[in-house]
Amino acid sequence: MKLTISDKESKQISKDMYGLFFEDINYSLDGGLHAEMLENRNFEAVFAYGKKDDYATVYDGGYGWSVYKDDGAGSFLSYDSREPLNDKNPHYLVFTGRGKNPSFTNKAYDGIYLRTGENYTVSFYARTEEALTVSVSVCKSGKTFMSDSVAVTGNEWKKYRMEMTAGGTVEQGSFVVSLDREAAVCFDQFSMMPKDAICGVFRVDLAEKLKNLKPSFLRFPGGCIIEGNTLANRYQWKDTIAPAEERRFNWNRWAVHNCNENTGFSGPYAHYGQTYGVGFYEYFLLCEYLGAKPLPVVNVGLACQYMSTEQVALDSEEMQTYIQDALDLIEFANGSTDTKWGAKRAEMGHPVPFGLEYMGIGNEQWQTDRSQFFERYAMFERSIHEKYPDMKLIGSAGPDVWSENYTKAWNWLREEHKRTDNLAYAVDEHYYVSPEWLYEHTHFYDDYDRDIKVFAGEYACHIKGRSGKMNNPTANTLGAALAEAAFLTGVEHNADVVVLASYAPLLARMGYTQWSPDLIWFDGRRSYCTPSYYVQELFSKYRGSRTLQAELDRGGMEETESKLFVSAVEDEDGKLIIKLVNGSENDYAVSLEGEWVRRIVGKPVTVLSLAGSAEDVNTITNPDTVRIKESRITLPDEQLTIPKNSFQVLLVP
């Protein structure tokens, strides 16, 4: 086999090529990236159930809370809304404590994890008819690992705060609130946050793993989350920028994932909710922390087309409010402090604009005579570009890249592009596919028109029998990651078409997952990266500034037979970066041809490598089975060996 690299047909690589797609699925926000450690902290939980066009919820404000200890005296929890803390989240807990030191506890997902010496902030609102002492502690097996007390007085709502330090390390501990005597006390809006939370909001290990990927953009707050299973259930960004206790609770559309007649139209995650402790302001802060450009997505008046036929009429006044929400979002992100929404941003602590460049119009909508998505998109495009002509809008090719929906979308886009070349900066394409599909479609973008760009917005390799299932980390195999790497070499070859790309989904909490595979898995104590994560890291960190033509003579073998793929790029400093994917069970010896690759011979070259068995997976207890290994080589001649089941990045000085 021979590898030749040349300057022919060089293409500029978008500086924003590789980024992140975040959706609140798999408890990736509440219970995940949001560092809040308590569950159902505002007593607004609901039990969600139903089927397409028929979803409902039942209030279940006591979810996650229970009596901890009352010496059998009969303490109990009840929930009221007659004198609320606010009218956005009106329910609150009334704890009637009886006996000696009555107490109650929070489920906190799988319990509280503390690290010795780490600091935590605990807060809550309370009111009571008579003064008493409230203690908060974390306990397990009769041992207290952290505790503090505060005097609670007065029958008006008041916020109480405790700064606490863990006196020991504990896993699956109990969060316990105790009274020093019998009393009835009203509580609301509990919180327990680690002091090391990034921006005071984000769980540090997860945020750091995201930052390590060097993402150029962050698409948020999700896909189907934007649409909702009903329009009332859709994500409304204006609900998320009030003070935390006034951010209106919303049930999560993934609470009803895979519900059907066999499950009684409910599922194991029926209480999955959104407290909006992380809202649009915090998403913009996260983008700043990551060094990523924000790419928010807005609803176009359609609930999720898979789950609902609910929609807003095009000629209705309500449709105009959806468009205005998009315009107001741009003002919130970019407006000066003398504008309504720019002033709101400044009031929240960020007078400097966030510099929003991108906006997604709809998620993965598709055109039907009823949905009229094309007409909706055009309405948004005209209104936004009339006021903000430089805003880069992202369109949609639908939920796949092979159906009639996809073909209709591209035909419409190309026709409309004749009317205005500002129609869409890029078109969002989604594909969750087999490894065979990825190997067979490395040339997928070779014949695309060059006039309209592509955002590969959601993609992942799905292994038959493992993927698309709940709670299955074994779907993230090295073999799947190598297929993704092979496909991404084709994306890089077509950098003049594909300008944005992001894997999906991003995060998954162990035991709380609706969708597999995922890039990063975690529990309450730790997190780990999958082989797919490391593929993303290597492509993102070593993306280069322009492509080189990499020609691989496979000696008569078909690409899909050899499973050998290559991409070559040059960075801004003129250094050569070669990415080599071998998804087969054979080692390959490759001779190096041409001036570019001959630069390798006799020089020290850094090699970053992923390798192993195709079935290898990382786990929460064995997180480093597959990881990037760095080495230095000096080739004595013009031949290179590419190991089986490997992805290598060669950094040539």
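Around the amide H of Ser434, modelled in the peptide plane, lie the amide H atoms of His462, all under 5 Å away and 5 or more residues distant in sequence or on another chain.
Please give the FRET efficiency for Ser613 paired with Tyr306, using the beta carbon to beta carbon distance and R0 = 30 Å, rounded to the nearest 0.05. FRET efficiency, Ser613 to Tyr306: 0.25.
The lysines within cross-link reach of Lys603, meaning a Cα-to-Cα straight distance under 21 Å and a gap of 8 or more places when in the same chain, are Lys2, Lys575, Lys579, Lys629. Each 10 Å bin from 0 upward holds the following percent of the Cα-Cα pairs of segment 46-194: 11, 38, 34, 13, 4, 0. Calculate, for Glu593 and Asp449, the FRET efficiency according to 1/(1 + (r/R0)^6) with r their C-beta to C-beta distance and R0 41 Å; round to the nearest 0.05. The calculated FRET efficiency here is 0.80.
For segment 549-562, putting each phi into the Karplus relation 6.51 cos²θ - 1.76 cosθ + 1.60 with θ = phi - 60° gives couplings of 7, 10, 10, 10, 8, 8, x, x, 7, 6, 4, 6, 7, 6 Hz, in residue order, rounded to whole numbers and with x for Gly and Pro. Near the amide H of Leu132, within less than 5 Å, lie the amide hydrogens of Val152, all on another chain or at least 5 residues away, with H placed in the peptide plane.
Based on Cα contacts under 8 Å between residues 6+ apart, segment 500-653 shows a relative contact order of 24 percent.
Once the Cβ-Cβ distance of Arg546 and Lys88 is raised to the sixth power relative to R0 = 45 Å, the FRET efficiency obtained is 0.30. If the reach is capped at under 21 angstrom between alpha carbons, list the lysines near Lys453, excluding any in the same chain fewer than eight residues apart. Lys453 reaches Lys11, Lys15, Lys293, Lys392, Lys408, Lys418.
Here the extension length gained between Glu415 and Thr606 equals 64.0 nm, from 0.36 nm per residue of separation less the Cα-Cα distance.
Phi angles of segment 391-401 translate, via the Karplus equation with coefficients 6.51, -1.76, 1.60 and θ = phi - 60°, into HN-Hα couplings of 5, 8, 8, 10, x, 9, 9, x, x, 8, 10 Hz per residue; Gly and Pro are given as x.
Helix 478-493 and the long axis of the chain differ in direction by around 60°, with both axes built from C-alpha atoms.
Summarising the label geometry, the points placed 7 Å from Cα in the beta-carbon direction at Ser10 and Asp624 lie 3.9 nm from one another. Between the amide H of Ser396 and those of Asp428, distances stay under 5 Å, these residues lying 5 or more places away or on another chain, with hydrogens modeled in the peptide plane. Here the extension length gained between Arg554 and Lys158 equals 135.3 nm, from 0.36 nm per residue of separation less the Cα-Cα distance. Relative to the longest principal axis of the Cα atoms of the chain, helix 404-417 runs at roughly 80 degrees. Shown for segment 46-194: lysine pairs separated by 8 or more places, or found on different chains, whose C-alpha atoms are under 20 Å apart, numbering 10. Select one label from (1) 393; (2) 166; (3) 280: the one whose number is volume of the Cα convex hull per residue in Å³ as derived from the coordinates shown. Calculated volume of the Cα convex hull per residue in Å³: the matching label is (2). Dipole magnitude for segment 550-622: computed about the Cα centre from +1 point charges on Lys and Arg Cβ and -1 point charges on Asp and Glu Cβ, it is near 300 debye. For the chain, take the longest principal axis of its alpha carbons; what is the angle in degrees between that and the long axis of helix 531-541, to the nearest 10 within 0 to 90? So the inclination is approximately 70 degrees. Based on the convex hull around the alpha carbon atoms, segment 142-296 presents an average projected area of 13.5 nm². Phi angles across segment 23-38 convert, under the Karplus curve 6.51 cos²θ - 1.76 cosθ + 1.60 with θ = phi - 60°, into 3J(HN,Hα) values of 9, 7, 10, 6, 6, 7, 10, 5, x, x, 4, 5, 6, 3, 9, 9 Hz, Gly and Pro given as x. Beta bridges from DSSP with both residues in the chain: antiparallel share about 75 percent, rounded to the nearest 5.
None of the figures in this text is laboratory data; all of them are computed from the coordinates on show. What you are looking at is a predicted structure, and each value in this text was computed from that prediction instead of being measured. Every residue, glycine as well, gets a Cβ built from its backbone with ideal geometry; the counts of neighbours run over all protein chains shown.
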